[in-house]
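In what follows, a single structure is set out as structure tokens and then discussed.
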Amino acid sequence: MKLSTRAELAVCVSCAVYVVYYILVVVRKPRLVCRAGRLRRFLSANMDEFIKSYYWAPIWCFGGNLQFLVGCLYNSWLPRLSYRRELFVLSDRGLVALDWVNEEQPGPVVILAGGGFTDSQSRPWRALLPALATLGCPCVVVNGRGCGVPLTTHRVTYVASVSDIAEVADEVHRRYPQECVVGVGVSLGGLQMALYLSQWGPRAQLDAVVAVSAPFQLGLASRNLGRWGTNMLLNVWMTRRMVRLLRHNEEMVYGTREFDADKVLHCWTLSSFNKRYAAPVYGFSFVEDFYENCSLKGQLDMVKRPLVFLVASDDTLNPRGAFPEEEIAKSPWLAAVVTPRGGHMGFVDGCLWPRQPFYLERFVTSFVRGVQQLYRSRGLQALHSLGE
């Protein structure tokens, strides 16, 4: 047998093995974690496509961190969105930009938050907002502190910034007192909204929330990000984005004694950033206390509004052991759709080529559409009774 023939045979066998592995191991149906009741029936009626259909990650793009990268690149190629920008002053003199679309339309009103260093042009808003706009809902994107506006305090938007979400939700409820308010949180924004629901309980001004890629246990997420390889690259990228926000506002950063500004501005990992900046800024002596306070484990039983999670099994910020399946399964207010692939806020699907819009955008749009139909047909009380 000639060498070229052997090489061709090896390539063919390798491709065949790869395809078999893809079909047998990669392609799987998502898992629905939700107890029997009204919320489960609501999801079955409005989101059956995402529960019963197979999740087909692209055959060349099913690694978790690669999914994240492709999702971000896709978002960057989309046209920039136009909003009406409003500056909103928080109770601690912090400043955030609220970017509005469809303000004059009837509810439900959708509040979108990415947390951290994200703004209204970040992943996944450029793809998601046009889809939500077709529903005719007022939408407002909460930009992070320092994103598009100067920092007016030494605090950036981070996982412990739950009061920021609370104040924005109160303001939206004040403007739309008779309307339903839906929260859409992605990554740290999803964690903030989930913490808000758990801490405010029945007093929360968000009537329903969908949280995408929310990290459930920050300590485990930080340790997993510290592993060498693409995890560490993601770790460094996220940290330097946060540090860049502070560096652009050095006068404000050096004007406080709550932390050592020089050490913070030289952080390269989230663990060091959390230890040197986040923990002292939010009043914690030890970073472990910060992680415990800002993690969802043990706090989900206080949620009294419908809260649906979308999380991937290979999410770098949700490693093995982080997903609180028992807590979610026990509560009538909680549900989670766990996909076999998707990475951290990637959710790029399509067998050979990515299907647009991606799974993430279609999932969130279907959830908001279901809430809209229930609210407009049966009123707000029907939404509040989904967990009863």
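Some values worked out for this structure:
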| read-out | value |
| --- | --- |
| Which listed residue is among the aromatic types (Phe, Trp, Tyr) and outside the structural domain of residue 212 (by TED's automatic domain parsing), from 62, 68, 88, 50 | 50 |
| Those residues of the range 227-244 which are farther than 16 Å from residue 265 by Cβ and either in contact (Cβ under 8 Å) with a residue 40 or more places away in the chain or of a type in the set (Phe, Trp, Tyr) (or both), in sequence order | 228, 230, 231, 233, 234, 237 |
| Residue in the range 247-267 that is of a type in the set (Gly, Ala, Ser), at positive phi, loosely packed, with under 15 Cβ neighbours inside 10 Å and not assigned by TED's automatic domain parsing to the domain that holds residue 370 present | no |
| Yes/no for residue 323 being aromatic (Phe, Trp, Tyr) and part of a helix (DSSP H, G or I) | no |
| Boolean, residue 59 is part of a loop (DSSP other than H, G, I, E, B) and within 22 Å of residue 363 (Cα to Cα) | yes |
| Residues of the range 98-128 classified as in a loop (DSSP other than H, G, I, E, B) and among the β-branched types (Val, Ile, Thr), total | 1 |
| Candidate set: the range 333-378, residues that are among the β-branched types (Val, Ile, Thr) and part of a strand (DSSP E or B); chosen: the one farthest from residue 66 (Cα to Cα) | 337 |
| Selected residue (only one of 80, 84, 40 is basic (Lys, Arg), at pLDDT 95 or above and surrounded by fewer than 15 Cβ atoms within 10 Å (Cβ to Cβ)) | 84 |
| Subset tally (residues that are of a type outside the set (A, V, I, L, M), out of contact with any Ser or Thr (no Cβ under 8 Å at 6 or more places or on another chain) and farther than 15 Å from residue 384 by Cα) for the range 176-197 | 4 |
| Given (1) part of a loop (DSSP other than H, G, I, E, B); (2) under 23 Å from residue 334 (Cβ atoms); (3) in contact with a Lys or Arg (Cβ under 8 Å, 6 or more places away or on another chain); (4) modelled with pLDDT under 95, number of the condition residue 155 does not satisfy | (2) |
| Some residue of the range 199-207 being assigned by TED's automatic domain parsing to the domain that holds residue 253, of a type in the set (Lys, Arg), assigned to a helix (DSSP H, G or I) and more than 18 Å from the chain's Cα centre (by Cα) | no |
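Residues are listed down the side, and each one gets a yes or a no for (1) aromatic (Phe, Trp, Tyr); (2) closer than 30 Å to residue 332 by Cβ; (3) outside any helix (DSSP H, G or I); (4) touching a Gly at 6+ places or on another chain (Cβ under 8 Å):
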position	(1), (2), (3), (4)
235	no, no, no, yes
255	no, no, yes, no
262	no, no, no, no
289	no, no, no, no
295	no, yes, yes, yes
316	no, no, yes, yes
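For (1) outside the structural domain of residue 197 (by TED's automatic domain parsing); (2) crowded, with 22+ Cβ neighbours inside 10 Å; (3) touching a residue at least 12 places away in the same chain (Cβ under 8 Å), each residue gets a yes or a no:
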position	(1), (2), (3)
285	yes, no, no
345	no, yes, yes
352	no, no, yes
360	no, yes, yes
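The values are calculated or read from the model by the stated rules, or taken from the named source; none is laboratory data. This structure is a prediction, so every number in the text was calculated from the model and none was measured. Backbone-built Cβ (ideal geometry, glycine too); neighbour counts: all protein chains shown.
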